[in-house]
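Step one of this worksheet: look at the structure below.
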Amino acid sequence: MPEKWDVADLPDQSGRTVVVTGPTVGGLGHHTALELTRRGARVVLAGRNPAKVEETAATIRAEVPDAALEALHLDLASLASVRAAAEAAAQIGPIDVLVNNAGVMAPPYSRTADGLELQMATNHFGPFLLTGLLLPQLVESGDGRVVTVSSRFHSLAGKAPLGDPREQLGRYHRWLVYGQTKLANLYFTAELERRLRAADLPVRALAAHPGFAGTHLAANGQYGRSSGGVASIVDAGVRAVSQSAAAGAWPTLMAATADLPGNTYVGPGGPGEMAGRPRTVGRSRLARNERAAQRLWEISEETVDLRYP
Ligand SMILES: NC(=O)c1ccc[n+]([C@@H]2O[C@H](COP(=O)([O-])OP(=O)(O)OC[C@H]3O[C@@H](n4cnc5c(N)ncnc54)[C@H](OP(=O)(O)O)[C@@H]3O)[C@@H](O)[C@H]2O)c1
């Protein structure tokens, strides 16, 4: 395991295919895709807004003219959309890495067409279904990886999200629920890794977090947009006090490419894991609860109607 990982250490990615969810310009997905294409990877940009995905492709091509990019339409807040995306992704062939990066943070309360709370749907159930449906292609690569982007805020959760996901029990606390979705990302990683080993499949599951990075996440969550009026002010304010989105992508890039065992969690190495060069990091005591991880897996299988591996 490299002690001090640097983006300059990113190995040649020629011949590898990576699917990155949530690749909007200025976010972690964009910078993850950019660095991977610089090293020769073929990157599939999986986003819900075709115009934004096209904008990302054009922005990357301005820096990497021969970038091998493809687009995949994917709305993680809709189980039907995830299924359609996975069907369309069959033509991609073997997938070396799936980066479950897309997410929303602390939006107002709402339920999706599937009856799921929006944050749990987007940040956990959608990625859970997508990963299961793409697993055969990850296996086909011979050495697949699933990297899921969590957060330091996983420790805000208080308790594991193990209730009926289609029922609202008590008041909606947007930050607690965000924390629960990020806790769910770590449970998902740990339990996926456990099951992959038990099934002896050539795929590893890892997690990463970016510390505090200047993306559109806060403005999108609070205002549903990142520009115009107060949303622009929040967006600029976050960028002023955080590390760059490019640096925020480094932990994901390390988890996606470095020689690391399954269930490794990578985050920035600076004080409070807020910024800096990435290294392996710890997780909260609650996040290490294996029984909760197993229970969430069972609930997730039932919720999305897919059992795997
Ligand atoms: N930035 C940070 O400091 C920070 C800290 C901890 C963890 N994270 C995590 O990092 C990940 C990336 O966030 P970011 O900071 O890069 O924020 P961002 O700039 O807001 O990017 C989020 C991405 O997710 C996409 N997305 C949202 N809902 C979706 C849906 N239903 N279906 C498909 N895609 C959807 C967004 O697409 P649209 O543009 O179409 O909305 C966007 O591409 C998230 O999982 C977040 O929890 C970020």
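The values are calculated or read from the model by the stated rules, or taken from the named source; none is laboratory data. It should be emphasised that the depicted structure is a prediction, and the values quoted were computed from it without experimental measurement. Every residue, glycine among them, receives a Cβ derived from its backbone with ideal geometry; neighbour counts consider all protein chains shown.
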(message) Just checking, does segment 213-229 include any residue being crowded, with 22+ Cβ neighbours inside 10 Å, at pLDDT 90 or above and not in a loop (DSSP other than H, G, I, E, B)?
(response) yes
(message) Return the residues of segment 263-285 that are part of a helix (DSSP H, G or I) and surrounded by fewer than 18 Cβ atoms within 10 Å (Cβ to Cβ); say none if nothing qualifies.
(response) 271, 272
(message) Tell me whether segment 4-14 contains one or more residues that are part of a helix (DSSP H, G or I), at pLDDT 95 or above and hydroxyl-bearing (Ser, Thr, Tyr).
(response) no
(message) If I ask for residues that are touching a Leu at 6+ places or on another chain (Cβ under 6 Å) and either aliphatic (A, V, I, L, M) or more than 6 Å from the ligand (Cβ to nearest atom) (or both), which ones from segment 207-227 would you list?
(response) 207
(message) Can you tell me which condition residue 260 does not meet? The list is (1) surrounded by fewer than 17 Cβ atoms within 10 Å (Cβ to Cβ); (2) modelled with pLDDT of 95 or more; (3) assigned to a loop (DSSP other than H, G, I, E, B), and all the others hold.
(response) (1)
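Here's the yes/no breakdown for (1) part of a helix (DSSP H, G or I); (2) crowded, with 17+ Cβ neighbours inside 10 Å:
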{"site": "155", "(1), (2)": "yes, no"}
{"site": "162", "(1), (2)": "no, no"}
{"site": "167", "(1), (2)": "no, no"}
{"site": "179", "(1), (2)": "yes, yes"}
{"site": "184", "(1), (2)": "yes, yes"}
{"site": "187", "(1), (2)": "yes, yes"}
{"site": "191", "(1), (2)": "yes, yes"}
{"site": "194", "(1), (2)": "yes, yes"}
(message) Considering only residues that are in a strand (DSSP E or B) and within 8 Å of the ligand (Cβ to nearest atom), which ones fall in segment 15-30?
(response) 21
(message) If the requirement is being farther than 28 Å from residue 306 by Cα, at pLDDT 95 or above and either within 12 Å of the ligand (Cβ to nearest atom) or surrounded by 21 or more Cβ atoms within 10 Å (Cβ to Cβ) (or both), which of these qualifies: 33, 89, 67?
(response) 33
